[in-house]
Amino acid sequence: VVKLLLQRGANPDLRDEDGKTALDKARERSDDDHNQVANILESPSAFMRNKEEQKNKSTSSTSQQPGTSSKPELPNPQLVRKVLHQLLPIFCEIFQKSLNATVRRTSLSLMRKIVENIGDLRQNIDDAAPNTKERKMSADVSAGAESLIAVVVSVMDQEDDHEGHEQVLLILESLLEKDAELWVTELVRLGVFERVEAMAKEPPKGLEETDRSILRIFAEFFAIFAFFAGFRE
């Protein structure tokens, strides 16, 4: 506390009504804490000088040359996208292998945030070619996105996981906003549409009304798009 006060401009030479300084008061006590305070106050200029150095550093950092910008540089968008693509299957694997409810809930939330910020989830030419024999989705979809849909299906199969249902609905919403042409086709083919439609017709008990309305909207949207795509008679 004494060091902080000195750094913030406290005057160690101030005296009380008896004419004693803080150093005098500290020397009146013999315990270790007051001895440490006395040692600091014997040479307070060292800490006060640090404050002056900080002021000089802050002044020099704020002074800018003409033409420079004070805004922090944003990270490389391509690098961010690459890192998010690498993190997505990792969190999917953590979710699938973990038995801890908190870990699964946190992983699912992080997956939702990744989907919201990752941009395109189509397979890139630069990406490593996946093993097509093990894939259930089209070659246009990245391997990380396929793992994500497996997680979505797994969560939707758990009837009492209302919080998980909300997360996967938000994930589906982000996917449809980014590329409805691709994702409606894939989600219908993988049976996600049927699950959403079933939940919309008979919402699980305890599900909030807002979540029920989202389910109905999703089911209607899937039905319309699937009809025009020729998936339903």
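Just so it is clear, none of the values below were taken in a lab; they were calculated from the coordinates. Quick caveat, the model's predicted, so the values are computed rather than measured. Virtual Cβ from ideal backbone geometry, glycine too; neighbours counted across all protein chains shown.
Table for the structure above
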quantity: Förster-model FRET efficiency, 35 Å R0, Glu163 and Arg8, C-beta, rounded to 0.05; calculated: 0.15
quantity: Anisotropy class of the range 1-45 from Cα gyration tensor, a/c 1.5 cut; calculated: oblate
quantity: Sequence ranges 185-192, 145-152, 37-44, 13-20, ranked by mean other-Cβ count within 10 angstrom, highest first; calculated: 145-152, 185-192, 37-44, 13-20
quantity: Total formal charge among the other residues, if their Cβ is under 12 angstrom from that of Thr106, Lys/Arg +1 and Asp/Glu -1; calculated: +3
